[in-house]
Structures are given as C-alpha cells and as structure tokens.
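This report refers to the structure that appears directly beneath it.
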Amino acid sequence: MANTQGPQGHHDPAGSTQMFRAFVDEAPQAGQPAATGGGPRIGLIIGIVAAVAVVAAVAWLALK
C-alpha cells in the first residue's frame with residue numbers, strides 16, 4: 001500500500017499528494033510544444049458555414 005504520510009506525519013486519506021507529484025513529474029518539458037485542439041474546432045466552423053450557405057441557397061430559390 002502507498003505511504004500516505006506527509007513529512008509532518010499528517011495522514012492524506014485520498015493520496016492527493018502522490019497524485020499531484022505524479023502529475024507534476026509527467027508535465028511536458030519546455031522544449032516540447034503542448035498539443036492544441038484546433039482541428040475539431042475548424043471542422044465545426046466549416047460545417048456551420050456550409051449549413052448556413054445551403055439554407056440561404058434554399059431560401060433564395062424558394063423566394064425566387
């Protein structure tokens with residue numbers, strides 16, 4: 001079982017100290033760029049613009 005005792009002897013029942021230390025140790029280095037989530041957002045914007053264009057074309061043809 002993991003040692004959940006801190007340096008002062010305080011008990012950490014959730015083990016959050018160990019989880020935080022593991023998170024800090026796995027943080028990306030300064031030389032490695034962080035991944036961005038721009039791909040899906042671009043596709044969503046293009047899809048919305050295309051849908052608006054189709055609706056506008058159908059409305060224009062209906063009113064013509």
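Using each residue's phi in the range 42-54, evaluate 6.51 cos²θ - 1.76 cosθ + 1.60 at θ = phi - 60° and report the 3J(HN,Hα) Karplus result to the nearest Hz, with x for Gly and Pro.
5, x, 5, 5, 5, x, 5, 4, 5, 5, 5, 5, 5
Tell me, in nm to one decimal, what length is gained between residue 49 and residue 24 on full extension, where the rule is 0.36 nm per residue of separation less the Cα-Cα distance? Walk me through the intermediate numbers first.
Values: separation 25, 0.36 × 25 = 9.00 nm, distance 4.08 nm.
Value of the extension gain: 4.9 nm.
Tell me which residues come under 5 Å, amide H to amide H, from residue 15 once H is placed; ignore anything under 5 positions away on its chain.
When sequence neighbours closer than 5 places are left aside, there are no close amide H contacts.
Read-outs: derived from the displayed coordinates by stated rules, not from any lab. These numbers come from a predicted model, not from an experiment.
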